[in-house]
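The values are calculated or read from the model by the stated rules, or taken from the named source; none is laboratory data. Just so you know, these numbers come straight off a predicted model, no measurement behind them. Backbone-built Cβ (ideal geometry, glycine too); neighbour counts: all protein chains shown.
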Amino acid sequence: MQYDQNKKIYLSTILLGIITGITLIVLLYFFSWSLIVESYFENEGTFVVLVILSRIGIVAGMTIYTFHQWLKQEEQYFSDIPFLFGIFFLFLIFGKSLDLFNNFIYTKLDKDLVLLVFKARYIISVLDLFPMIYLSMDMLLFSLSLKKRFEKLTKEKHRAKIKKRILILILIVEFIAGIVAPNLTLLSILYPIIIVPSLLTIAWLFNFAWRNKRLSQVSTYILMIGFGLYLISSIIRPLTQIIVGESSLFVIIAESIDLVVFAIIFIGFYKKSNYPTTQ
């Protein structure tokens, strides 16, 4: 069947992307291995490694499940919620792999190389949230279409064109801002400026969907809570880091909190909304 052939193509493409990402991460670790080992013994990083690897393993399971749900459908579309969550969790895996790397090489590499690695992490963060921004933009434009002055947005083709332009603009601005950042200080300031509004928009999306009984294939209420907590965590984490400094204990606590947050997000994806039916 044609759908079976399409599924094979999609699965092969996803696996190719995963293998490429893993290869790049492995090469990064391979060429910095001596510095990583040195830093590991200096900072007694056993628990940090275990916590982050545990989180990567759990999120990997979430990724496999979401892509499986997508490929299990009779037809596949890139706008499907399982696909968007699959991409979201997949980029999170690569992001956490870089976080683990950053924890060991921060004081070991040349400043320019460290800046390059942190820029790569920033770009992964942008790509990680993009699927949820895509979903949010769809819902935002729909909510505007309900107002009389935005009557043109009721036309699906016009709405799709506007959404495409806005999303491209967001990506271009965020990418350029991250690439041209000259130092870690500016990049650390830029990160919350970009990430916090994105998470705020995503939390609004699921709040809007919950109040208007939309996206019934997921639990919008739990996702609203999950992304709300993710927003709070993203605001508090850098502030706490500035106050208490980077330490093994800080990393372990922060990663453990984030693991709980993403478990809530996954539960929100797994469960369905139990909206009451109107007579």
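Contact annotation: residue pairs with Cβ atoms under 9 Å, 6 or more positions apart or on different chains, pairing a residue in the stretch 21-43 that is touching a residue at least 40 places away in the same chain (Cβ under 8 Å) and of a type in the set (A, V, I, L, M, F, W, C) with a partner that is assigned to a helix (DSSP H, G or I) and surrounded by fewer than 16 Cβ atoms within 10 Å (Cβ to Cβ), are ILE36/TYR29.
Of all the listed residues (PHE118, PHE89), the sole one being buried (at least 17 other Cβ atoms within 10 Å of the Cβ), aromatic (Phe, Trp, Tyr) and either closer than 20 Å to ILE265 by Cβ or more than 18 Å from the chain's Cα centre (by Cα) (or both) is PHE89. Does ILE162 meet the test of being assigned to a helix (DSSP H, G or I) and touching a residue at least 12 places away in the same chain (Cβ under 8 Å)? It is true that ILE162 is assigned to a helix (DSSP H, G or I) and touching a residue at least 12 places away in the same chain (Cβ under 8 Å).
Could you please let me know if LEU92 is touching a residue at least 12 places away in the same chain (Cβ under 8 Å), within 16 Å of LYS7 (Cα to Cα) and assigned to a helix (DSSP H, G or I)? Judged against the criteria, LEU92 is not a match.
Number of residues in the stretch 1-16 that are without any contact (Cβ under 8 Å) to a residue 40 or more places away in the chain and part of a helix (DSSP H, G or I): the value is 9. Only residues that are in contact (Cβ under 8 Å) with a residue 40 or more places away in the chain and assigned to a helix (DSSP H, G or I) were counted in the stretch 95-110, giving 9.
Of the residues making up the stretch 198-216, just one is basic (Lys, Arg) and assigned to a helix (DSSP H, G or I), namely ARG211. For ILE56, the stated conditions hold: it is closer than 16 Å to PHE91 by Cβ and either modelled with pLDDT of 95 or more or in a helix (DSSP H, G or I) (or both).
With respect to (1) part of a helix (DSSP H, G or I); (2) surrounded by fewer than 17 Cβ atoms within 10 Å (Cβ to Cβ); (3) among the polar types (S, T, N, Q), the lone exception for SER79 is condition (1).
Output yes when any residue across the stretch 99-111 is at pLDDT 90 or above, surrounded by 20 or more Cβ atoms within 10 Å (Cβ to Cβ) and either aromatic (Phe, Trp, Tyr) or over 24 Å from ILE264 (Cα atoms) (or both), and no when none is. For the stretch 99-111, residues at pLDDT 90 or above, surrounded by 20 or more Cβ atoms within 10 Å (Cβ to Cβ) and either aromatic (Phe, Trp, Tyr) or over 24 Å from ILE264 (Cα atoms) (or both): absent. For ALA203, the criteria (1) small (Gly, Ala, Ser); (2) closer than 20 Å to PHE118 by Cβ; (3) surrounded by 17 or more Cβ atoms within 10 Å (Cβ to Cβ); (4) touching a Phe, Trp or Tyr at 6+ places or on another chain (Cβ under 7 Å) hold in every case but one, which is (2).
Within the stretch 154-169, how many residues are charged (D, E, K, R), farther than 12 Å from ILE133 by Cα and surrounded by 13 or more Cβ atoms within 10 Å (Cβ to Cβ)?
Narrowing the stretch 154-169 to residues charged (D, E, K, R): 155-157, 159, 161, 163-165.
Still in the list and also farther than 12 Å from ILE133 by Cα: 155-157, 159, 161, 165.
When the remaining residues are screened for being surrounded by 13 or more Cβ atoms within 10 Å (Cβ to Cβ), the result is 159.
Total satisfying the criteria: 1.
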